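Notes follow once the structure below has been shown.
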Amino acid sequence: MINNSSSDKKYKVFGDNSLIKRVNEFLFFNGYLSGSITHNSSNHYIKMQLFVDLEEKHHNNFLQELPLDNIEIEPYDYGILFRAEFKSMSDINAFFCKLCNAYDALFDLIVEMDNEQDLLIEGTATIGNHQWRIHKTDVDDLWPFPLHAHCHSEVLDPFTGYVYFCHDRKKIIRKISKRNLRLIQDRIRRNKDYGGLFDQYLHSHFNNS
């Protein structure tokens, strides 16, 4: 196995806000134990396996952006398992960095057309296995946030990261990670329809809370 020296016990991170973390021979993807790195004593190469959480509909676009020479791929409904052997840790590090860039590039906020004349001020941000539909609050909407997002029966407040059950804004069921909240907020800020409003809303929201 990889040398367990005291210096090697420190986290080594890759991607925006540590999408991949390595501790000794263990790999974590988005906070979850997802793989390992071991030493192959027969050829002195380094063996790696890593499971990436990703819905099947995104697999093709994701894999097109990756260098896949000499890498074994096993696709599943909600992820991809990568297996490979590398000559050095620098080769693994380079692959991890490219993987993180390809993964992050998939998840952009998209404003969709309602018809050829009008823009529907609504979009999607796919983060992990959640596809959040983001829109402005309607006059008769239950939710008081000037912007909010829906995913199935859940509603997200993009200012605090709190997630509620649909139709029950008094009950907080969880809070998304700081990383995922920042990803969603960054995508809102980059959007031409939301970007100019978001920071104004955010400032007003916290001043009034």
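The values are calculated or read from the model by the stated rules, or taken from the named source; none is laboratory data. Bear in mind the structure is a predicted one, so any value in this text is a computation, not a measurement. All Cβ positions, glycine included, derive from the backbone under ideal geometry; neighbour counts span all protein chains shown.
Scanning for something over 20 Å from the mean Cα position of the chain (by Cα), surrounded by 13 or more Cβ atoms within 10 Å (Cβ to Cβ), more than 28 Å from ASP53 (Cβ to Cβ) and at pLDDT 65 or above, does the range 109-122 turn up at least one residue?
No, because not a single residue in the range 109-122 is over 20 Å from the mean Cα position of the chain (by Cα), surrounded by 13 or more Cβ atoms within 10 Å (Cβ to Cβ), more than 28 Å from ASP53 (Cβ to Cβ) and at pLDDT 65 or above.
Quick one: LEU183 ticks every box in (1) among the hydrophobic types (A, V, I, L, M, F, W, C); (2) at pLDDT 75 or above; (3) in contact with a Gly (Cβ under 7 Å, 6 or more places away or on another chain) bar one, so which box is it?
That leaves (3) as the condition not met.
Tell me, which residue of the range 83-108 that is at pLDDT below 90 and part of a loop (DSSP other than H, G, I, E, B) is surrounded by the most Cβ atoms within 10 Å (Cβ to Cβ)?
Within the range 83-108, the match that is surrounded by the most Cβ atoms within 10 Å (Cβ to Cβ) is PHE107.
Are any residues in the range 9-22 surrounded by 15 or more Cβ atoms within 10 Å (Cβ to Cβ) and either touching a helix residue (DSSP H, G or I) at 6+ places or on another chain (Cβ under 7 Å) or over 23 Å from ASP104 (Cα atoms) (or both), and if so, which ones?
Residues satisfying the conditions are PHE14, GLY15, LEU19, ILE20.
Being surrounded by fewer than 16 Cβ atoms within 10 Å (Cβ to Cβ), small (Gly, Ala, Ser) and more than 15 Å from the chain's Cα centre (by Cα) is the filter here; which residues of the range 23-66 pass it?
SER41, SER42
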